[in-house]
Amino acid sequence: MKAIFDDRQRRHDPQFRLLDGKIIENPDRPARVDVLLDGVARAGCALTPTQDHGIAPISALHTPRYIDFLRTIHARRSALVGDLPEVVPSRTCPDRSMNYSYDTEALMAFHNADTSCPISAQSWEAIYWSAQTAVTGAKALLSGDKTAYALCRPSGHHAYAEVAGGFCFLNNSGIAAEQLRQAGHRPAILDIDVHHGNGTQAIFYDRDDVLTVSLHVDPAQFYPFFAGAACETGQGRGAGFNLNLPLARGQGDADYLATLDRALAHIDAFGAS
């Protein structure tokens, strides 16, 4: 299997995280990449470099003002308050249907769901190449590869069209799926992370051309808390094209595998290609 990675993804190196009123080490450090690359090597995968496909695949899913925010906020905020190692919001926006402000503090609040996504001078480069890695994976499938592993870091499934959160900035799997859809395919996103992919769900929630399926810990007990319930099945044209399969914490392998079989049957019925 082809594996795709770009070393510039290491350049996002967040220094801390605020949790329970304490400043702790941010778990999304570049060293996470080495664990995954070791797995790639042990699996015998051929490591392939990421290709640059430009901003268009990112713009197909994310708003122009959000992309501009990710690219420029560190420099803009530092110009106002002095050079900063990273910018982190001190508040978030309770209602994004209200007025949009270009004040840097307001932008940080509007475009962040929480404080887990600090942005340094090097973050955008890592974010960009993570997304390009996803696009390169999609292009590999379009070129005839049956499988491809895109090692994307920062990760993406908590990223909305214009909101970062949960260590995610750009929705890499969604960006890849949109490339496949534009090429005439019917992509399905199967998310097996312990957390629900709330950003992915939101992006495709009213669409019937991309199926989203997620196995995750019940959000009544676990992050992201406010999305991922079984009753969330899509809306409008997307009704019936979002499947959430929440699991209780501590559920065993047999139950998990049975739930995974249900997810795969749903994808098969969708006619994913």
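Anything in the stretch 229-250 that is part of a loop (DSSP other than H, G, I, E, B), under 17 Å from Val210 (Cα atoms) and either not assigned by TED's automatic domain parsing to the domain that holds Leu211 or not acidic (Asp, Glu) (or both)? List them, or say none.
Thr233, Gly234, Gln235, Ala239, Gly240, Phe241
In the stretch 177-204, which residue that is surrounded by fewer than 19 Cβ atoms within 10 Å (Cβ to Cβ) and over 15 Å from the mean Cα position of the chain (by Cα) is farthest from Ser155 (Cα to Cα)?
If we take residues in the stretch 177-204 being surrounded by fewer than 19 Cβ atoms within 10 Å (Cβ to Cβ) and over 15 Å from the mean Cα position of the chain (by Cα), then Gly184 is farthest from Ser155 (Cα to Cα).
For every residue, the table says whether it meets (1) part of a loop (DSSP other than H, G, I, E, B); (2) in the same structural domain as Leu264 (by TED's automatic domain parsing); (3) touching a residue at least 40 places away in the same chain (Cβ under 8 Å); (4) over 20 Å from Arg32 (Cα atoms).
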| residue | (1), (2), (3), (4) |
| --- | --- |
| Glu162 | yes, no, yes, yes |
| Ile175 | no, no, yes, yes |
| Leu180 | no, no, yes, yes |
| Val194 | yes, yes, no, no |
| Ile203 | no, yes, yes, yes |
| Asp208 | yes, yes, no, yes |
| Ser214 | no, yes, no, yes |
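Of everything in the stretch 237-263, what is farther than 17 Å from Tyr205 by Cβ and in contact (Cβ under 8 Å) with a residue 24 or more places away in the chain? Give them in sequence order.
Leu247, Ala248, Arg249, Tyr256, Thr259, Leu260, Ala263
For the stretch 251-261, give me each residue that is touching a strand residue (DSSP E or B) at 6+ places or on another chain (Cβ under 9 Å), more than 13 Å from Ile192 (Cα to Cα) and either assigned to a helix (DSSP H, G or I) or small (Gly, Ala, Ser) (or both).
Residue satisfying the conditions is Asp255 alone.
In this structure, does Gly234 turn out to be under 16 Å from the mean Cα position of the chain (by Cα) and of a type in the set (Gly, Ala, Ser)?
no
Can you name every residue in the stretch 57-92 that is of a type in the set (A, V, I, L, M) and either assigned to a helix (DSSP H, G or I) or out of contact with any Pro (no Cβ under 8 Å at 6 or more places or on another chain) (or both)?
Ile58, Ala60, Leu61, Ile67, Leu70, Ile73, Ala75, Ala79, Leu80, Val81, Leu84 - these are the residues of the stretch 57-92 that are of a type in the set (A, V, I, L, M) and either assigned to a helix (DSSP H, G or I) or out of contact with any Pro (no Cβ under 8 Å at 6 or more places or on another chain) (or both).
Of Ser90, Ser116, Ser143, Ser101, which residue is without any contact (Cβ under 8 Å) to a residue 24 or more places away in the chain, among the hydroxyl-bearing types (Ser, Thr, Tyr), within 30 Å of Val35 (Cα to Cα) and assigned by TED's automatic domain parsing to the domain that holds Arg11?
Ser143
Output the residues belonging to the stretch 97-135 that are farther than 18 Å from His62 by Cα, of a type in the set (Val, Ile, Thr) and in a helix (DSSP H, G or I).
Passing the criteria: only Thr104.
The values are calculated or read from the model by the stated rules, or taken from the named source; none is laboratory data. Just so it is clear, the model here is predicted, and its values are computed rather than measured. Don't worry about glycine lacking a Cβ; one is built from the backbone with ideal geometry, like all the others, and counts go over all protein chains shown.
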